[in-house]
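Engineer: My questions will all concern the structure given below.
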């Protein structure tokens, strides 16, 4: 189980480090969100700062990678899920601080060299180029085709109701919901702002068509990756219980999305450079190539887009291909992010509480209650059919519960038993199985923190059979 937490953390670490490294690439006249002309971006001073930034990111990666190995350390093992969340939170802070530090260095470099660009609050728009939207994009029919295919698990559950014991029907609708979001993402690619490089609309239109083709292709590829991941995940929930296989699938999915993002960013940068070389006109008459841009300022605040001059609510993330984010300068954007933060804090709070809090067995007015932070099972002595002790739990699948490195609680499906309730400490190799009458889960698995406590619980539950 510890390996699964470690792999999840390493995947998150790899994705965040790759995102930070991609952010240093020159795109839309920006490096790390700071405006530079092409001439200034290629200077030795700027490149030296970027090499230092890359080195610090790699040092951070190695240190964070090593910190993950502490999950196997004795004092950390009982709290490995909490430790993983703590490492992830620290990772977010460290990467944000690194980016902010090097943004300040680039700003200081611009000031010392007096690289000053005109400041504007508006963006040039070529209406002819805007009318090119939708003419060069990959067909949206592919995205809708993926939506249809994502219903395969749902249809399978309808035709095979018994499988719903292992795979809740409501969960099967998650895939279609994600694919519908991918359709929205596709639509947003058509609203992407295109740079105005020339008075010649043909050049601007050509750039608009090229960018639209690249962006829509990336959106379609990511939708296909998400579909394949969803179908494999659905198969594993129903038939495969190997956690490591699931972790590998998640890792491959994230790596695939990063590869598409890198491809998209590279192609867009190449297109901009190509059309830039063919865009010199009276509109931009600077001999040094520095008068064709304006000072946009840093539109990203602690990783969040914040531009009051942008009318869009949904905007592409800093790294092309990694999806869309909310414009925090909009009131609805602030409300949305506050809601997301509350959900994240709540989820972390529940995880921490589940990790640190034990189970309770209470008897009140002939009713017996076994409870954890989020789940409880209540039954009477008359409902107990049998109580037995086992030393190994058969293969099982978590359907709605908490599965930590040291504890498991909630709804699980166990081979040979069907739907069950778990209140167990994973490191204690004795488990009490209580069979119950009536509806709902007919088996409750419970044990104590030690074998001695488990034996006492076993004797306690057996008293109700006499």
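Engineer: Does the range 448-461 contain at least one residue that is at pLDDT 90 or above, part of a strand (DSSP E or B), within 30 Å of residue 84 (Cβ to Cβ) and in contact with a strand residue (DSSP E or B) (Cβ under 9 Å, 6 or more places away or on another chain)?
Structural biologist: no
Engineer: For residues in the range 110-131 being crowded, with 17+ Cβ neighbours inside 10 Å and in contact with a helix residue (DSSP H, G or I) (Cβ under 6 Å, 6 or more places away or on another chain), which is modelled with the highest pLDDT?
Structural biologist: Checked the range 110-131; the qualifying residue modelled with the highest pLDDT is 115.
Engineer: Just to be sure I understand, how many residues within the range 33-73 are within 21 Å of residue 307 (Cα to Cα) and either modelled with pLDDT of 95 or more or in contact with a strand residue (DSSP E or B) (Cβ under 9 Å, 6 or more places away or on another chain) (or both)?
Structural biologist: Just the residues of the range 33-73 that are within 21 Å of residue 307 (Cα to Cα), to begin with: 33-37.
Now narrow it down to the ones that are either modelled with pLDDT of 95 or more or in contact with a strand residue (DSSP E or B) (Cβ under 9 Å, 6 or more places away or on another chain) (or both): 33, 35-36.
Adding up the residues that qualify gives 3.
Engineer: Taking the range 373-392 as the search range and keeping residues that are closer than 17 Å to residue 428 by Cα and in a loop (DSSP other than H, G, I, E, B), which one is nearest to the chain's Cα centre (by Cα)?
Structural biologist: 392
Engineer: Moving to a separate point now. Limited to the range 323-369, what total is found for residues that are under 30 Å from residue 261 (Cα atoms), touching a helix residue (DSSP H, G or I) at 6+ places or on another chain (Cβ under 7 Å) and outside any loop (DSSP other than H, G, I, E, B)? Steps first, answer last, please.
Structural biologist: First, the residues of the range 323-369 that are under 30 Å from residue 261 (Cα atoms): 323-345, 347-348.
Now narrow it down to the ones that are touching a helix residue (DSSP H, G or I) at 6+ places or on another chain (Cβ under 7 Å): 323-324, 326-328, 348.
Within this subset, residues satisfying the condition of being outside any loop (DSSP other than H, G, I, E, B) are 324, 326, 348.
Qualifying residue count, the range 323-369: 3.
Engineer: Further, regarding this structure: If you check residue 287 against the conditions, is it surrounded by fewer than 17 Cβ atoms within 10 Å (Cβ to Cβ) and either under 20 Å from residue 24 (Cα atoms) or at pLDDT 65 or above (or both)?
Structural biologist: no
Engineer: Here's another thing I want to ask about it. Looking at this structure, is residue 438 surrounded by fewer than 20 Cβ atoms within 10 Å (Cβ to Cβ) and at positive phi?
Structural biologist: In short, yes.
Engineer: Looking only at residues in the range 34-60 that are under 25 Å from the mean Cα position of the chain (by Cα) and crowded, with 18+ Cβ neighbours inside 10 Å, which one is farthest from residue 256 (Cα to Cα)?
Structural biologist: Once the filter is applied, the top-ranked residue is 53.
Engineer: Also: If we scan the range 396-403, do we find a residue that is more than 23 Å from residue 169 (Cβ to Cβ) and not assigned by TED's automatic domain parsing to the domain that holds residue 163?
Structural biologist: no
Engineer: Residue 147 passes all but one of (1) at pLDDT below 85; (2) touching a helix residue (DSSP H, G or I) at 6+ places or on another chain (Cβ under 9 Å); which number fails?
Structural biologist: Result: residue 147 fails condition (1) only.
The values are calculated or read from the model by the stated rules, or taken from the named source; none is laboratory data. What you see is a predicted model; the values in this text were computed from it and never measured. Methodologically, a virtual Cβ is constructed for each residue, glycine included, from the backbone with ideal geometry; neighbour enumeration extends over all protein chains shown.
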